[in-house]
Amino acid sequence: MPMIKIWIHLIWATKNRDKLIAKELKPKLIEHIKSNAKQKEIWIDSVNCVSDHIHLLISLGSEQTISKVVMLIKGESSFWVNKNKLIPGKFEWQDDYMAYSVSDSIVKRVRNYIANQEEHHKVKSFGEEYENFMNEAKEKLLG
């Protein structure tokens, strides 16, 4: 049996960054994502969301790809919200997502970051956060 430990920090937004995740929906959505992921053998370590986006820390299994895991979580969760009419109108995630590898040495820091999204976004919008992530990625790629 292979021993694999690949940590991935996933982030994606609601379509058009609409503020669709109300306080009433948030706990239901998180619980459903965890339950659905468990059924699909997707191991979620941490998950949290605010009104317009979600963060997850996952550990990939030996047969899993990032794109497949994201597709399973995004597709099923939006279907579930709409099927159960948990918001007025249609719930959709945007097509894009961000995925970052996470070393063991900073897993605890990423968990804390995900857990404290509400506080974090009192001082920085998702747009600003997105730009920071993209700039950091470019810097690392370009050296």
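Here are the numbers for the structure shown:
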{"item": "Selection count, the stretch 1-24, where residues are crowded, with 17+ Cβ neighbours inside 10 Å and more than 24 Å from residue 104 (Cα to Cα)", "result": "4"}
{"item": "Failed criterion for residue 99 (all others in (1) in contact (Cβ under 8 Å) with a residue 40 or more places away in the chain; (2) over 13 Å from the mean Cα position of the chain (by Cα) hold)", "result": "(2)"}
{"item": "Residue within the stretch 19-28 that is modelled with pLDDT under 95, touching a helix residue (DSSP H, G or I) at 6+ places or on another chain (Cβ under 8 Å) and closer than 18 Å to residue 125 by Cα present", "result": "no"}
{"item": "Looking only at the stretch 8-66, and only at residues there that are among the polar types (S, T, N, Q) and within 20 Å of residue 83 (Cα to Cα), the one that is nearest to the chain's Cα centre (by Cα)", "result": "14"}
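The values are calculated or read from the model by the stated rules, or taken from the named source; none is laboratory data. None of the values given here were measured: they were computed from a predicted structure. Virtual Cβ from ideal backbone geometry, glycine too; neighbours counted across all protein chains shown.
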